[in-house]
Structures are given as C-alpha cells and as structure tokens.
Amino acid sequence: MSKEPYNYPFIHDVGKYEKITKIGHGTFGEVFKARNRISKEFVALKRVLLGNEKEGFPITSLREIKILRALKHDNIVRLQEICRSKGTPQSRKRGSIYLVFEFCAHDLAGLLQNPQVKFNLSEIKRMMKHLLSGLFYIHSNKVLHRDLKAANVLVTRDGVLKLADFGLARVYSRKEKTHCFTNRVVTLWYRAPELLLGCRDYGPAIDMWAIGCIMAEFWTRSAIMQGNSETNQLTLITQLCGSITPEVYPDVDKLDLFKKFDLPASQKRRVKERLSHYVRDRHALDLIDRCLTIDPAKRIDSDSALNHDFFWSDPLPASKISCLSRLNVSMFEFLIDRKTTNPQHRPEQSQMSQQPGYDRVF
Amino acid sequence: MSSWYFCSNEIVNSPSRSDGIEITAECRYRREGARFIMDVGNRMNLRYETVATGIVFYHRFYMMHSFKTINRLIGAAACLYLAGKAEETPKKCRDLVKAVRTILSERQMEAFGDDPKEEIISHERLLLQTIKFDLCVQHPYKYIVKFAKNLKDDRAQIEKVVQMAWNFVNDSLSTTLCLQWKPQVVAVSLLHLAAKLSKYNLSAAPDGPHYDHSKSWWQHFLPEINSDVLEDICLQMLDFYDKTDVGASNYNMISPPKITMKVPQSIPYRTL
C-alpha cells in the first residue's frame, strides 16, 4: 500500500536544491551535483534508493546517517542535512530520501587518472596525512569504513582530502571479543587478505590495507592489484607481498577459506623491490610496505602511520596543492569512466586474467 | 540539530491536545505504547537499549503527531522496528508482526490492516522523517552505572540503590521524562530517589585535593543541576506510580508481567 496521507513538515523538500549533473553512483543510489537555490552554495545529493526494500529503510543507509551525524572532522565528508522528495501518486512511487553533503570538486581516482594532474612528494605527504588523520579519527570513534578506495576519497579545490561513502561503514567495539561481520566488504582490489580468506572478526587493519593500496597509487596512478576474482586477487597479493602462510600470519590456517584456495607457495615478499621503480622515497616505500603487511595484527595502525618518518622528514607535507587551483573541471572517476572506452577500474574488464607473471600487475 | 527536549508547556500542548484528546488519555497512550514496545521487545529477545530507544522514538513521534491521526500500536511497532536497526539488533519485519500477533487480540490486529508488514514499513518512513533521522539515542542506564562507580559508599548498599534506580529508569520510559531532561539528569535524579527511599545518604568519591564537601553528591557529576530539578523529576516518578496500577491491564487486553528488564549480569558493577 503506497500512501502519503501526512504532511512532512519536519525535513525539507529536495526542491530547495537545483540538480546540475550526475557525478556518481554507488551501491545504494545515485549522486548529483546540485546548488542551493537561495544561498547558491554547491552540494552533493546522494539519493537513497527505496521502494523495493523488503525490510523498509535500508539499515546500511541508516548506519551511514548515524555514523556521519556523529563524525565531525575536516577529513570526513560533512553531512549537511537530509531531504525528501514527494512521491508521485500516478507512478505509485514513494518518493526518495536524499543525503545532502558539502560539495567536493574531485575524487582521488579521477585526479589520479588524469595525466595532467601531477603531485610532488610533499603534496603526496599532505594528502596521505589528511587520509590518515580522517581514518585515525573514525577508528578512534570505533567506526570501520570498510570501503576505502581512491574513488571514495574526495578532494576539495583547496586540496583537502575527505573520506566519503560510509555506505558500508559500521561500528565495532573493542569490548566484544568476537565479531561476526560480513566479509563481503571492500572493493576487490583494495580488499585485505584476511577478508579474502573469510575472516569475519576483523578490525581497523582492513582499512589500513586499503590505505596502503591507495598510497601506492599516488605513484603508480592506477590500482596496484587489479584482481578479477577473489582467487586472482589473493594470487596478486601473494606475488607482491609473499606467500600467505602460518609463519607470516599465525592462525591464518583457522580462517574458513584458507584451505580452499590453492595459493602459490614460497613466494618472496617484494613490495619494496617492485614498487621502487615508481616510489623513490624510502620512507614512502617503508610506509606502504607496513600497510601491506599480511598479518593484520602486525599491520601498522593509523596512529603509528601518522608518526611514521615519511611525514617527519624532508620535504615536509605541503601547505597547499598547486595544480588543483588551476583545474577548472571536476575530476570524478564516474565522469571519466563515461568518457573513455578503456576504464581501468572495473574489475570485470580487467586484462589480468590468471597471468602467471607479475610484471603486468601495475 | 534540532533539540528533542521540551518544556512542560509544550508537552501539555501536544498535537494530540489540539486534536481534542485529553491529557490523561494521552498519558495513558504513552504509557501503554511504552509497555507494548517492552512486551514485544522482550518477546523478541531484544536488548534493553533497543527497547528503550524504541520507546524514546515513540515519545518523540507523538510530540509531532496526534494519537488520533496515527494509531498508537502501529506507531509503537514502527518505533521498535526502527530501533532494532538503529541499535544494530535488526529484526525481520515478518518476525515483528508475528510477535505483535501473539500479544494483541484479533480485533486489535485489525488496526494493522490487510498487510501489517507494509503498514509498519510505511510508518517507519514517516517515523524517520518525523524524528529527522536522529538515530543516536542515549539512555540513563549507562549513567546510573557510571555515577554509581564514583560513589564512595558501602558497595552492597550502592548495589541495592542501583538496582532500584535501574527499575525506576525502566518505569520512567512510560513517562515523558525522556522528553524533558537529558539522560544524565534523569540518572542522578532516579539514583537520588532510590537512595532516599532506601534511607541512604549518597556521597561522591573525593576527586583530588580540591574535593568540595559543600556540594551535593550529584553536583560532582552535573554541577549545573540544582535540587529543584531533582525534586521535580522524583515527584513526576512518584506521581506516575501513584496514578498507575502497575499490574493493571494495558492496551485494554492483556496484563503484562511487571517490567522484567533487570540490571544485566555483565554490568561492570560487580567488578568494583
């Protein structure tokens, strides 16, 4: 029964914003760039898809709202308000709910795919510092992001990075000894080994793995491990980070899927060796190496990462990012994908199918 | 962010009042709705936080809508359904309907129409928009424990007081106290009430060399709260007990057991 017999004076109608263009689509809806008709301020509108939900308003969207309301930090995207649109009676549509965010001009994936956008070491340090500060803040608030990737990192015109898309995020508590979370989280290319092996009692370390992948991308310019299946992803991880064994990761044999996968044995760890072609700075290499540690218990956490020599050695993090102020167009991965015929970010179109060599991984 | 606290004038002049519902009737609807949420919640083995959150949603919801326009049983069911999600203890709507059926009579179920599940889900949307997606709700329970840990009295005595205060919090959910005062304030007041009724004087643990013995114990936790506020809250609670036959029937039909939510075993209290 579709009905709207009541007035909703409690939240604003989305009509106060003028939609300008679609800038993305996530698992749970589309994202539009829009402008407040009165203040002329730009915002991003994220529509929550409703209608076919068997269980009412999606719990994932409720989590996103609850978490974003509680989080206030410069490096976390700011949720300004929630709006609604009226359903139309003839189409039996129920109307939508929109999350209204501050507008950010770019996302990191879009920027990195543009060869004209160049970052120097000190600018990369600044951006990594923003990323890790945002992550440290959410982890201190007992929130796991669970979907970190370059496309979910927004960049303002002033060069401030903001973690976005908390659609998969959830709260964890250190008090509860074991969790039973779903392991079907994080975009494949950024998924930590413990998740791929079926771990359900994971923690903040899964976000740090993704941070390692993103950090390397500042130099490689595309995702470093573009697997096309879970097995393939684990193979790529093994080729870069060495074989996954109980010696490097105690208790790994207790994970559900460890025995199911026939993973390459006696592979050496080559993170620094293989990335050194791209990353010249030894502190940067070391930090990436520590993020891409197989054993989640030994993987560096956001606090220690912020104290890493990378941020405290010359050149220090930059105070601004010069090339961004010269960019007049928004760089969003979504827009680039539409324009080019060779999207590098779609797992299903990846060319990497079961290649035994590792030279092509980057 | 909007405030969910109202002065007594606003509570008296609620939407139900403009709709011609007497205040005594509204108080009864609030009490019965709260009881109904507790009963359904207990039947579904939901945690006390989830139940309490559902009840707070219910009270807030009917500060914006009249009991005449929105059926209180459906409203209550939608509140519990949403609280399940908000507190990470989600239940299937189908199971909620099942639990509701075991509690309500055939005739009462008629309010839910032909498709009770759909009815709850569409009310959940109305509820979300009414409460402006404010899903983070705090309750006095955790403050009772937190404050009690800092009291320097006989442990056995405090434990008794805490248990009594905890039961007062359960019962306070049937009143509009959660619309008037922050959970911290309700917590100190109900600890105060429990101590008074146990004829016990509470005193806060000295905290540092600057411990001010002239202050009342609660002012070490909430310096801005004076004793008038405490007295007012205690009176509201006593008034509630005075007017309510706790064992009497609710929502016209069944007699629920005395509220069974107890201080959980894992309460950090024992480890003091």
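For chain B, hydrophobic long helices are taken as DSSP H runs at least 15 Å long by C-alpha position along their axis with mean Kyte-Doolittle hydropathy of 1.0 or more; these are B:72-86, B:183-197. Let me know the shape class of region B:141-224, please: from the alpha-carbon gyration tensor, a ≥ b ≥ c as square roots of the eigenvalues, rounded when a/c is under 1.5, otherwise prolate if a/b is greater than b/c, or oblate. Oblate shape, in that a/c is at least 1.5 and b/c is the bigger or equal ratio. Take each residue of peptide B:113-125, count the partner chain Cβ atoms within 10 Å of its Cβ, and average: the result is 3. Would you please classify the overall shape of chain A from the alpha carbon gyration tensor, given that a ≥ b ≥ c denote the square roots of the eigenvalues, rounded means a/c under 1.5, and beyond that prolate means a/b larger than b/c while oblate covers the rest? Because a/c hits 1.5 or more and a/b exceeds b/c, chain A counts as prolate. The alpha carbon gyration tensor of region A:12-102 gives principal lengths a ≥ b ≥ c with a/c of 1.5 or higher and a/b no greater than b/c, which makes the shape oblate. Membrane-span-like helices in chain A, defined purely by DSSP H runs whose alpha carbon atoms cover 15 Å or more axially and whose average Kyte-Doolittle hydropathy reaches 0.0, are A:59-70, A:121-140, A:205-220, A:230-241. Rounded to the nearest 20 debye, the dipole size of chain A about its Cα centre is 1120 debye, using +1 on the Cβ of Lys and Arg and -1 on the Cβ of Asp and Glu. Summarising the overall dimensions of chain B from its C-alpha atoms, the Rg and Dmax are 19.2, 67 angstrom. For region B:75-107, trypsin sites (Lys or Arg not before Pro) are listed when DSSP marks them as loop and at most 14 other Cβ atoms sit within 10 Å of their Cβ; the list is B:K92.
Database remark: amide H of A:D107 closer than 5 angstrom to the amide H of A:V155, A:M331, A:F332, A:E333 (H placed geometrically; neighbours at sequence offset of 5 or more, or on other chains; Pro and chain starts carry no H).
Less than 5 angstrom separates the built amide H of A:R146 from none of the residues sequence-distant by 5 or more or on a different chain.
Legend: calculated FRET efficiency, A:L49 to B:T69, from the Cβ-Cβ distance at R0 = 25 Å, rounded to 0.05, equals 0.30. So if I take the centroid of the Cα atoms in region A:293-332 and the same for region A:230-246, what is the distance between those two points in Å? Comparing the Cα centres of region A:293-332 and region A:230-246, I get a distance of 25 Å. Using θ = phi - 60° in the Karplus curve 6.51 cos²θ - 1.76 cosθ + 1.60, the 3J(HN,Hα) couplings for region A:297-307 round to 5, 9, 5, 5, 9, 5, 5, 5, 4, 5, 8 Hz; x is entered for Gly and Pro. Overall, region A:12-102 carries a charge dipole of about 260 debye about its Cα centre when +1 sits on the Cβ of Lys and Arg and -1 on the Cβ of Asp and Glu, all other atoms neutral.
Where a number appears in this text, it was derived from the coordinates with a stated rule and is not lab data. Just so we're clear, the structure is a prediction, and the values are computed from it rather than from any experiment. As a convention, Cβ positions derive from the backbone with ideal geometry for all residues, glycine included, and neighbour counts pool all protein chains shown.
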